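Following: one structure in structure tokens, then a few remarks.
Just so it is clear, none of the values below were taken in a lab; they were calculated from the coordinates. Everything numeric here is computed off the predicted structure, so don't read it as measured data. Virtual Cβ from ideal backbone geometry, glycine too; neighbours counted across all protein chains shown.
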């Protein structure tokens, strides 16, 4: 039986507390391209994408968007403490990407290092407090 289902990731939400500062970080420092920026205030829809994965868009999402006030407040609290799941990007040139992100004023959490499991990587905080890891190289999985 042939599997005709083709499932692919289309949107990945990144919770942010400041659209404009976050947009500048993901667009200018990381080099993603703005796909949509419509509306204003709590009704704003901002998406970015990269040429390496056409069709995948990152949505800059407000903590209270589509949530109850209590849930939005809880998510805002987690965001402000920097404990939401990390976001991991890959690049062909970690050193150049690291320097561009550092020059943007982002908080450096880890300079580029070699990892025993494969990739070289580094880490930053985005303007909202999310941990953003940037890696170069493939992850090796042992059987």
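How big is the stretch 52-101 on each of its three principal axes, counting only the C-alpha atoms and giving the largest first in Å?
42, 27, 15
What is the distance, in nm, between label points placed 7 Å from the Cα along the Cα-to-Cβ direction at residue 43 and at residue 12?
3.0 nm
Express the relative contact order of the stretch 11-136 as a whole percentage, based on alpha carbon pairs under 8 Å and six or more residues apart in sequence.
Value for the stretch 11-136: 25 percent.
Stick to the Cα atoms of the chain, pair each with every other, and give me the Kirkwood hydrodynamic radius in Å at one decimal.
After inverting the mean inverse Cα-Cα distance, the result is 16.5 Å.
Provide 25, 89 in ascending order of the number of other Cβ atoms located within 10 Å of each residue's Cβ, fewest first.
In order of increasing Cβ crowding within 10 Å: 89, 25.
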